[in-house]
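This report refers to the structure that appears directly beneath it.
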Amino acid sequence: MNNPNPSHDESILILDFGSQVTQLIARRLRESGVFCEIVPYFKAEEALAARRPNGVILSGGPSSATQSDTPRAPQSLFEMGIPILGICYGQQAMCEQLGGRVEASDDQEFGRAFVEVSDDCPLFDGVWQSEQRHQVWMSHGDRVIDLPPGFRVVGTSENCPFAIVADDARRFYGVQFHPEVIHTPDGTALLRNFSHNIAGCKGSWSMAAFRHEAEARVKAQVGDGKVICGLSGGVDSSVVAILLHEAIGDQLTCVFVDHGLLRQGEAEEVVALFKEHYNLSLVHRDASQLFLTKLEGVSDPEQKRKIIGATFIDVFEEEANRIGGADFLAQGTLYPDVIESVSPSGGPSATIKSHHNVGGLPARMNMELVEPLRELFKDEVRDLGRTLGLPESLVGRHPFPGPGLAIRCPGEISGEKLEILRKADAVYLDEIRKAGLYDVIWQAFAAILPVRTVGVMGDQRTYDYICALRAVTSTDGMTADYYPFDHDFLGRVSTRIINEVRGINRVVYDVTSKPPGTIELE
């Protein structure tokens with residue numbers, strides 16, 4: 001098979017029509033050992049020619065297949081002889097392109113629904129049997145009303161007569177529901193049936209193979225050049241740093257910029273781990289006062305992000321010049337960053353990722369990007385870190401955004417507020433660890449609200465800040481639910497924060513959930 005990536009001898013290509021949950025399709029497939037890539041529908045022909053995948057999945061999307069100017073797959077795809085699975089809008093677009101008919105329906109289905117399986121199908125092997133009813137997650141207004149030639153119906157729902165369709169001869173399948181979300185309990189098994197049983201993938205993709213390939217690619221790209229890496233101490237940049245250190249040794253210099261917005265003791269931990277334990281060439285620049293001066297009087301969160309991002313680049317450039325320049329800049333761009341930067345629906349990525357350098361660097365820096373993690377999701381980066389031998393205390397660390405505490409301190413920032421926040425956050429995480437919950441929770445943090453409240457402590461009135469606590473569980477970093485602490489835990493942590501952190505007189509807990517499609521959990 002003509003595949004430019006040697007460890008990706010088998011793959012599934014996902015054509016993105018703009019669904020909020022397209023990334024989840026890729027996550028489910030990779031969990032079963034199948035490498036897959038997401039490309040926007042308008043780049044499909046180029047991707048199909050370059051990769052020759054084992055199969056193709058057409059994602060959902062916000063458009064209507066009843067309109068002629070909405071996204072479509074290349075017509076040539078249906079003549080390539082490879083299996084195709086259409087999901088939601090992807091099913092509708094495939095049916096419409098192959099001679100079926102789609103209509104806008106008054107009977108919409110959003111949320112939990114049930115499908116009746118009416119016939120056997122390779123998509124269901126070992127998972128569903130005919131004449132059974134199964135829970136799925138629907139999100140559609142349009143529906144297929146006439147099938148293309150060669151298709152048969154194998155499942156229906158209350159409002160969808162063609163909820164599951166199949167053309168067994170051509171190995172084309174379509175489902176109106178979303179198997180990729182956890183709200184479809186058997187969805188992962190259905191996707192595995194498509195990738196393994198129908199498309200013939202063996203599930204041989206592994207993190208060990210990725211590591212060796214990534215190191216080889218870095219060596220080929222860098223040659224004898226010098227690389228500078230922005231090290232934040234987070235999982236992504238740490239994995240990049242160690243991967244590059246393994247690949248190119250002393251050609252790498254890491255720069256750790258302390259912007260004064262880190263958690264308690266974090267700067268000291270980063271320097272100790274990478275300079276002393278790994279013996280990396282590490283430059284530590286304390287620029288905290290510079291960042292705080294730039295942020296003085298700024299309350300708009302997006303403006304904060306832009307100031308922090310621009311200042312970081314300025315400081316980084318200064319340090320690069322001080323060490324004699326570099327040919328390459330390494331950074332921890334992940335696959336979700338890449339996908340969002342080319343979103344076919346023109347989604348919120350430009351705003352959400354304003355503190356990343358996805359898409360390029362300022363021309364004046366005259367450095368080429370090295371992004372060895374750009375094919376990986378967050379939890380895959382953790383697995384790579386374990387493969388590289390990074391300590392679990394670092395690999396399992398909760399995600400921490402680039403702007404740091406700046407976005408956990410709404411309103412204007414001051415040194416005093418940041419110190420209050422650091423202490424409260426440290427108490428909160430300490431109690432979570434003592435309760436044995438740190439590895440159960442995907443992300444937990446404290447925030448200082450931009451309001452003060454009157455309280456009574458002892459015999460005195462106080463006028464201090466409110467501390468908000470947040471903890472979420474997540475399997476993929478794209479959807480989340482709040483962690484259900486018991487009242488005893490919340491009582492303990494609240495009492496400790498109020499007793500140990502001057503400047504806080506009230507603690508609240510955030511029970512907001514993040515539905516499918518949410519990108520950040522800050």
What the 10 Å binned alpha carbon P(r) of the range 1-133 shows, as percent of pairs per bin from 0, is 11, 37, 37, 14, 1
Sort F377, F114 from largest to smallest accessible area, using a 1.4 Å probe on the heavy atoms of the protein chains. F114, F377
Could you bin all the Cα-Cα distances of the range 38-90 into 10 Å bins starting at 0 and give me the percent of pairs in each, rounded to whole numbers? 22, 59, 18, 0
Divide by every residue of the chain the summed helix terms, -39500 (n - 2.57) for each DSSP H run of at least 4, and state the resulting mean residue ellipticity at 222 nm, rounded to the nearest 500 deg cm²/dmol. -9000 deg cm²/dmol
Plugging the Kirkwood radius over Cα pairs into Stokes-Einstein for the range 151-295, at a temperature of 10 °C and a viscosity of 1.306 mPa s, what D comes out in µm²/s? 79
Tell me the carbon and sulfur percent of the accessible area for the chain, rounded to whole percent, probe radius 1.4 Å. 46
Quick test of the membrane-span-like rule: which DSSP H helices of the chain reach at least 18 Å along their long axis (C-alpha atoms) with mean Kyte hydropathy at least -1.0? 207-222, 235-248, 301-322, 415-434, 487-500
How compact and how long is the chain, expressed as Rg and Dmax of its alpha-carbon atoms in Å? 25.2, 82
Tail beyond 18 Å, pair distance distribution of the range 215-337 (Cα, percent): 54
I'd like the Karplus ³J(HN,Hα) series for the range 140-154: coefficients 6.51, -1.76, 1.60, θ = phi - 60°, whole numbers in Hz, and an x wherever there's a Gly or Pro. 8, x, 7, 7, 6, 10, 9, 7, x, x, x, 8, 10, 8, 10
Give me the 1.4 Å probe accessible area per residue for the range 398-468, excluding ligands and nucleic acids, in Å². 44
Ignoring ligands, DNA and RNA, what accessible area per residue does the range 1-153 give at 1.4 Å, in Å²? 41
Between beta-carbons, use under 12 Å as the cut-off and find the net charge around A73, counting Lys and Arg +1, Asp and Glu -1. -2
Starting from the 7 Å offset along Cα-to-Cβ, what nm value, one decimal, do you get for the label separation of S204 and E412? 6.3
So if each residue of separation counts as 0.36 nm, and I subtract the Cα-Cα distance between D300 and E79, what length gain in nm does that give? 74.4 nm
Total lysine pairs under 24 Å (Cα atoms) in the chain, excluding pairs fewer than 8 apart on one chain: 21
Estimated vicinal HN-Hα couplings, Hz - the range 166-181 in sequence order (Karplus 6.51, -1.76, 1.60; Gly, Pro = x): 8, 10, 5, 4, 8, 6, 9, 9, x, 10, 7, 8, 10, x, 7, 8
Under the rule of at least 5 residues apart or a separate chain, name every residue whose amide H is placed under 5 Å from the amide H of A480. K514
q = 0.14, 0.19 Å⁻¹: log10 I(q)/I(0) that the Debye formula gives for the range 220-274, counting C-alpha atoms only: -0.39, -0.66
For labels at D510 and H277 in the simple 7 Å Cα→Cβ model, what's the distance in nm? 2.9
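The values are calculated or read from the model by the stated rules, or taken from the named source; none is laboratory data. Since the structure is predicted, the reported quantities are computational estimates derived from the model, not experimental observations. Glycine also receives a Cβ, built like all others from the backbone with ideal geometry; neighbour counts cover every protein chain displayed. What goes into the accessible areas is simple: the full protein's heavy atoms, side chains included, and nothing from ligands, DNA or RNA. Shrake-Rupley method; radii C 1.70, N 1.55, O 1.52, S 1.80 Å.
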